[in-house]
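Asks: Here it is, the structure in full.
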């Protein structure tokens, strides 16, 4: 069970870093971001989180703000998974989680 929790936590962290990196690289590169290979890679990794943000957010949220919504959702997911890990580690013993 601990392996599942750690894997889920890692997926959330990678997705959050991809969304953040995509946004920062998009600011640095500007209009040429569509031709940038690193941007395309980060976009491919961040795309599921962005789609989930579009699905869960109301239509009034514009496309420009979806990365922020995705980061907030991933932040809440990270907090939830971290809380799950803490409660699981307390149940099985802290020494088993190290």
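Asks: Mean separation of Cα pairs under 8 Å and 6+ residues apart, divided by the residue count of the chain: what relative contact order is that in percent?
Replies: 38 percent
Asks: Taking all pairs of different Cα atoms in the chain, averaging 1/r and flipping that mean, what Kirkwood radius in angstroms comes out?
Replies: 14.8 Å
Asks: If I fit a long axis through the Cα atoms of helix 66-92 and take the longest principal axis of the Cα atoms of the chain, what angle between them do I get, 0 to 90°, rounded to 10?
Replies: With rounding to tens, the tilt is 10 degrees.
Asks: Going by alpha carbons, how many degrees (0 to 90, nearest 10) lie between the helix axis of 37-56 and the longest principal axis of the chain?
Replies: Value to nearest ten degrees: 70.
Asks: While we're looking at this one, here's another question. Label-point separation (nm) for residue 23 and residue 65, each offset 7 Å from Cα along Cα-to-Cβ?
Replies: Distance between the two pseudo-spin positions: 1.3 nm.
Asks: Please work out whether region 39-80 counts as rounded, prolate or oblate from its C-alpha gyration tensor, where a ≥ b ≥ c are the square roots of the eigenvalues and a/c under 1.5 means rounded, while otherwise a/b larger than b/c means prolate and anything else oblate?
Replies: Judged from the Cα gyration tensor, region 39-80 comes out oblate (a/c at least 1.5, b/c at or above a/b).
Asks: To continue, here is another question. For an R0 of 30 angstrom, estimate the FRET efficiency from the Cβ-Cβ distance between residue 3 and residue 55 and round to the nearest 0.05.
Replies: E between residue 3 and residue 55, to the nearest 0.05, is 0.60.
Asks: Here's something else I'd like to know. Relative to the longest principal axis of the C-alpha atoms of the chain, give the angle of the C-alpha long axis of helix 2-29, reported between 0 and 90° and rounded to the nearest 10°.
Replies: 20 degrees
Asks: Using the 10 angstrom Cβ neighbour count as an exposure proxy, how do 42, 8 rank, fewest first?
Replies: 8, 42
Only the coordinates and a few stated rules stand behind these numbers; no lab work does. Since the structure is predicted, the reported quantities are computational estimates derived from the model, not experimental observations. Ideal geometry is used to build each Cβ from the backbone, glycine not excepted, and the neighbour counts take in all protein chains shown.
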